[in-house]
Each structure stands twice: as C-alpha cells, then as structure tokens.
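First comes the structure, then the notes that go with it.
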C-alpha cells in the first residue's frame with residue numbers, strides 16, 4: 001500500500017485471501033473490509049512466471065544479453081572497427097577475451113556491436129510479423145467476407161520463396177534507400193521489412209483457426225447479446241484468447257528473424273561487410289574454421305543461446321498469461 | 001390477441017418468425033436449400049410472465065430464442081419487444097435496445113470468457129451501456145453478486161475457479177446488470193447437476209418476483225417447465241405444435257406430439273406407471289432442410305389422417321387460451337369437428 005489512510009477503520013485486512021467469508025445466499029450486507037482489493041494482473045502473471053524455471057533462466061539470459069549489447073561499449077571501450085594489424089588472428093587473451101580477426105579487430109567488441117543489430121532486427125521484424133499476422137488472422141477469422149481473399153493472400157505469400165525474394169528486394173532497393181536515409185538505417189529498414197513481410201503467414205493461419213473456433217463459443221454470443229461492437233469484441237474477447245498461439249509465434253519469430261538476418265549477412269546481402277552482425281561474424285569466421293574455430297563458435301553460440309532463451313521465455317509467459325494454468 | 005389469460009399488452013410479440021440457414025454445396029458453393037430451423041413461430045409473452053418453450057433436441061428452440069434477441073439475422077417475420085421492432089432495427093438502434101433484453105446461456109462454462117475476472121464479466125454490460133464511474137461499477141457488480149447469491153470476495157476470480165452452479169449465477173448476474181425487462185433463458189439448467197438445478201430455478205423465480213422480469217424459458221425438461229412456466233409452447237421441427245396455459249397442457253394435452261412428450265416423462269409411482277400407456281413415437285425427426293409436406297408431424301403421428309399429409313394445419317385457438325396446430329381439431333362449416341377429439345391420456349384419468 002502506498003498511501004496509508006489516516007484512520008485505521010478503512011485499512012483492508014491484510015492477507016485476507018484466506019479469511020473465511022460466510023456464504024450469504026441473497027445479499028446480506030458484507031463488511032467492506034472482507035472484500036479483496038482488485039488483484040493486479042501483472043503481479044499474478046509474474047508470480048506464475050517465477051515458478052517456471054526454464055522461463056526464469058531464459059529471461060535472465062535474455063536480459064543479460066540485452067544489457068551486454070546496450071551497456072557493453074561502456075565497459076569494453078574498444079571500437080569494433082579499430083584495426084590493430086599487429087595483433088591479428090590472436091586467440092583469446094586478456095587484452096582480447098574473444099580473440100581478434102584477420103584484420104586485428106577485437107571480436108568481443110564486434111560481438112557487442114553485432115548483437116545490437118541482430119537483436120534490433122529480430123525484435124522489430126518479429127513485432128512487424130506478429131502485428132501483420134494477428135491483424136490478418138483476426139480479420140479473416142472474424143469477418144467471413146474477408147476470409148477468402150485474405151487467406152488466398154496468405155497462400156500467395158507462403159508460396160513466395162523467401163530468400164530469393166529478399167535478395168531481389170535488396171538488389172532493387174538497397175541503393176535508393178541508402179541514398180535516401182543513410183546506409184545503416186536504410187539497410188536496417190529493408191532487412192526488417194523484408195523479414196517481417198515474409199514471415200507473418202504462419203501466425204495469420206494459426207490465429208485465424210483459433211478465431212474461427214472462438215467465434216462460435218457462447219461467450220462471444222453473450223457479448224453480442226450485450227451489444228458489444230465488433231472492435232471491442234475483438235479486443236476484449238478474441239485477442240486475449242488467441243494470446244497463447246501468438247506468444248508462441250512471437251518467440252519463434254524472434255529466433256527466425258535473427259536466423260534469417262544471419263543468413264542474409266552470411267550471403268553477403270544484408271548489412272555492409274564492415275558493419276558487424278552475428279550473422280556476418282559467423283560468415284567471416286567460416287573462412288578460418290579450421291585454424292580458429294572460436295570465431296564461429298562465439299557468434300554461433302550467441303545466436304543459439306538467445307533463440308533458446310527467448311523460446312523458454314515465451315513458453316513461461318504463455319503459461320503465466322493463462323488464468324487456467326496460473327496458480328498450479 | 002394470443003395471451004387470453006391476461007388482458008395486458010404483451011411485452012414480447014413474435015409473429016411468424018422464420019429463421020432459415022442456407023445450405024451451400026457443390027463446387028461453386030451455390031445455395032442449394034435451407035435448414036428451416038424456425039419456420040413461422042407466433043406467440044406473445046406478457047409482462048411478468050414465463051413462457052416455457054419445450055421440444056426435443058434440434059427442434060429449433062434455441063435458435064428461436066436467439067432469433068428473438070436478433071443474435072441471428074432473421075429470415076422473416078416480426079419481433080416486437082417493449083413496443084420496439086427488434087427484427088428490423090439497424091445496428092445502432094439495436095444496440096440501444098439491448099439493455100431491455102438479455103440472455104442466460106445453456107453452458108455456463110462456455111458462456112464466460114475464461115480470461116476475464118468475474119467482476120469484469122459482470123461489468124461488461126455496464127461498460128457498454130452506462131457511463132458509471134469505476135467505483136459505481138464496482139458497487140453495482142457487488143450488488144448484483146449479492147442478488148444472485150455469490151460471495152463478493154470472489155469478484156477477482158476467474159470462471160474456471162467456480163462450480164457449474166456458481167458459473168450460471170455469474171451468467172445470470174451479467175444478464176441482470178442492465179435491469180432488463182425480458183430474459184431468454186436458453187436451457188439454463190441443462191448443464192447442471194439436479195441438486196443445483198433447483199437452486200438456479202428458484203433463483204430465477206425469486207428474481208422474477210422481485211424485479212418483475214419476463215422470461216422465455218427454453219428447456220427440454222418438462223417437469224422443470226411445469227414448475228416455472230405460466231404457459232407452455234411445444235415446438236416440433238421449427239413450428240409450435242401447441243401453446244397452452246401450463247395446467248391445461250399438462251392435464252389435457254391436445255396435440256398428439258404433446259401427448260407423446262408428456263407420456264415420456266418418467267412416472268415416480270410404479271403403480272401409476274404400470275397403469276399408464278406410453279405413446280412411443282417411431283422413426284426419427286425429419287430433416288429440417290426437407291420437412292414433410294403437410295403437417296410436420298405426419299410422419300410420426302399416431303393418429304395421422306389423410307389430410308395431414310396434404311395440408312399444413314393452421315395454428316389456431318381451439319379453446320380459450322389454448323392454441324394448437326392439428327387437423328384433429330379442425331371444424332367443418334357447421335361447427336362440428338371433423339374427427340372426434342382423442343380421449344385424454346389414460347394415466348391422467350382417475
């Protein structure tokens with residue numbers, strides 16, 4: 001309690017969840033103090049989330065990675081583009097904990113800078129794909145009129161081969177975007193847009209299926225009999241109930257986006273070669289795989305562990321958001 | 001007109017209500033027919049009255065209830081509730097009428113959103129139709145919970161934490177939130193234990209007495225309908241076969257289908273059970289997509305006549321307050337019945 005009332009009469013009984021309240025058949029006056037204060041939903045969710053060990057570890061690791069890429073440059077002030085040619089190809093040491101590459105650039109600094117790009121791409125592309133997928137799924141599931149056309153659109157996108165499409169997009173728009181808003185932001189937008197626009201389809205299909213089933217449930221009919229308009233019907237009754245599949249899609253989506261970005265960088269079509277991402281570090285490392293395997297292992301492990309952490313986190317979050325599972 | 005027992009203006013007036021669901025088939029999804037779930041239903045319900053609507057599964061009872069509240073876009077006919085035309089109202093007009101008419105659903109588990117707390121579920125109608133402050137809403141929700149006999153301390157719980165009977169109370173509280181005048185109870189007790197059924201029915205009766213509610217009580221449980229209803233309508237294959245005051249209907253059923261339904265009610269007294277002869281219907285209910293020509297019931301009727309297979313009987317008043325759609329009660333030009341009325345069920349005669 002933040003604000004303490006002056007008189008003690010109004011203070012709700014603490015820990016009143018276990019207080020037995022006599023069952024009153026028809027409305028005998030109950031003391032106001034026996035009523036539980038409205039429980040904070042966020043608190044319930046957190047309490048349940050805490051019980052999921054994997055999710056807790058995942059969240060911990062994800063926060064660690066986030067802090068590392070955001071605050072890392074303060075603690076490790078080496079520039080990712082600084083070339084110290086005399087120290088090139090050195091293994092892990094105190095001056096370069098992850099070693100250096102063939103030009104003598106510090107790999108730890110490059111990992112930090114690369115992680116920032118990779119995570120930014122992953123999170124934004126996931127958000128975009130999730131938004132598009134949920135929007136199209138809900139619209140086509142809820143409004144019968146739109147169903148046919150939106151689902152055929154989804155099929156159309158599913159039939160597009162992802163990588164060739166991204167390659168064509170890169171080739172077509174890279175230079176004009178680079179000229180318009182600068183090389184890094186231009187490529188970032190292009191990559192995010194490319195990944196987002198080509199990965200919303202599974203979410204849309206899953207959401208549509210769930211909405212179709214939900215629409216026939218009686219509580220939707222009950223809301224209709226109350227006179228709830230379509231948009232509040234969707235936000236109040238449909239969306240919260242499709243949260244579980246959306247959550248799963250989201251966590252898989254982050255992983256997918258990071259991997260697709262890595263693949264693009266790996267093919268040399270993502271960010272410029274001097275601009276590190278986990279994917280491009282991985283590609284650079286493969287040339288020296290036999291002599292310096294750690295150059296592949298570090299970015300590879302970063303990608304895998306982040307993806308794993310996010311998946312566990314999503315798993316825990318999905319459980320925590322479902323009131324039927326909560327409290328078990 | 002049809003409410004002979006009371007002289008008051010009816011609250012709910014249903015005329016020739018039709019609800020047909022189209023059947024699409026073939027490659028081009030052409031419309032090839034229609035399921036006539038409700039096919040020309042006419043009745044009135046006066047203020048404060050309970051009309052029981054009974055019939056076997058699939059006869060269109062629930063569809064009828066939902067069509068009256070315009071949860072479906074009806075095919076034809078008119079519905080007037082509290083003097084306002086529900087059947088043809090536009091979306092905004094309909095939304096303004098919603099507070100007058102509410103519904104209690106069959107499956108209390110399915111009719112409550114599992115992601116909302118009880119307080120939010122009960123407050124949803126208030127959110128939609130009133131401009132109360134948060135504190136006023138909470139007070140109203142607590143008041144409603146008291147009314148239906150739910151502990152106020154449960155306001156922050158989720159529906160899955162309750163028993164079936166408690167969930168149905170939540171559904172009733174939600175239906176009451178806007179002070180409706182007319183409530184459609186769509187088999188509110190069918191999914192409950194027998195011990196809980198009585199509680200819920202008594203609650204509905206208490207609420208009716210204290211709030212002056214009008215019910216359309218849909219059920220397949222004839223004994224429960226006998227307990228709660230003032231008048232009873234028997235539906236068969238989308239049409240009303242018989243509509244009579246409760247006591248008359250149970251004492252002297254007119255329509256052969258009503259007779260068959262009533263004879264299927266288990267008799268607790270073994271001696272009376274042995275003495276009564278059961279009317280056992282043969283065959284299945286015809287498909288509502290392809291109802292028989294003539295009377296709907298002619299394929300299974302024990303006292304079927306030639307005319308039944310040709311002409312659909314009118315739904316007429318044959319005695320004060322008693323309406324039936326059956327050729328057995330047709331009168332010729334000079335007022336004599338065409339066929340002698342069948343004597344009452346033997347189990348009923350002393």
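None of the figures in this text is laboratory data; all of them are computed from the coordinates on show. Note that the coordinates shown come from a computational prediction; the quantities given were computed from them, not determined experimentally. As a convention, Cβ positions derive from the backbone with ideal geometry for all residues, glycine included, and neighbour counts pool all protein chains shown.
Can you pull out every residue in segment A:189-204 that is surrounded by fewer than 21 Cβ atoms within 10 Å (Cβ to Cβ) and assigned to a helix (DSSP H, G or I)? Spell out how you get there, then give the answer.
Looking only at segment A:189-204, we keep the residues that are surrounded by fewer than 21 Cβ atoms within 10 Å (Cβ to Cβ), and these are A:189, A:193, A:197-198, A:202.
Once the filter is applied, which keeps residues that are surrounded by fewer than 21 Cβ atoms within 10 Å (Cβ to Cβ) and assigned to a helix (DSSP H, G or I), segment A:189-204 yields A:189, A:193, A:197, A:202.
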Task: Options B:135, B:123: the member that is more than 8 Å from chain A (Cβ to nearest Cβ), crowded, with 19+ Cβ neighbours inside 10 Å and more than 25 Å from residue A:319 (Cα to Cα) - done: B:123
Task: Selection status of residue A:256, over 30 Å from residue A:93 (Cβ atoms), in contact with a helix residue (DSSP H, G or I) (Cβ under 6 Å, 6 or more places away or on another chain) and in a helix (DSSP H, G or I) - done: no
Open item on the list: Restricting to segment B:140-172, name every residue that is within 30 Å of residue B:83 (Cβ to Cβ) and either assigned to a strand (DSSP E or B) or within 20 Å of the chain's Cα centre (by Cα) (or both).
Closed with: B:171, B:172
Open item on the list: Could you go through segment B:72-95 and let me know if any residue there is within 11 Å of another protein chain (Cβ to nearest Cβ) and buried (at least 20 other Cβ atoms within 10 Å of the Cβ).
Closed with: no
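Condition (residue is in a helix (DSSP H, G or I) and farther than 30 Å from residue B:118 by Cα) applied to segment A:230-251: is it met by at least one residue?
At the first step, the residues of segment A:230-251 found to be in a helix (DSSP H, G or I) are A:230-251.
Okay, now just the ones that are also farther than 30 Å from residue B:118 by Cα, so A:251.
Yes, some residue in segment A:230-251 is in a helix (DSSP H, G or I) and farther than 30 Å from residue B:118 by Cα.
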Task: Residues located in segment B:280-298, provided they are free of Cβ contacts under 8 Å to residues at least 40 places away in the same chain and touching a helix residue (DSSP H, G or I) at 6+ places or on another chain (Cβ under 9 Å) - done: B:280, B:281, B:292, B:293, B:294, B:295, B:298
- [ ] Among the numbered conditions (1) closer than 18 Å to residue B:11 by Cβ; (2) touching a strand residue (DSSP E or B) at 6+ places or on another chain (Cβ under 7 Å), tell me where residue B:187 comes up short.
- [x] (1)
Open item on the list: Any residue that is away from chain B (no Cβ under 12 Å), over 30 Å from residue A:309 (Cα atoms) and within 25 Å of the chain's Cα centre (by Cα) - is there at least one of those in segment A:232-250?
Closed with: yes
TODO: Collect the residues in segment A:106-118 that are touching a residue at least 40 places away in the same chain (Cβ under 8 Å) and more than 13 Å from residue A:191 (Cβ to Cβ), keeping them in residue-number order.
DONE: A:107, A:110, A:111, A:112, A:113, A:114, A:115, A:116
Task: Among residues of segment A:214-231, those that are surrounded by fewer than 15 Cβ atoms within 10 Å (Cβ to Cβ) and either in contact (Cβ under 8 Å) with a residue 12 or more places away in the chain or at the interface with chain B (Cβ under 9 Å from one of its Cβ atoms) (or both), counted - done: 2
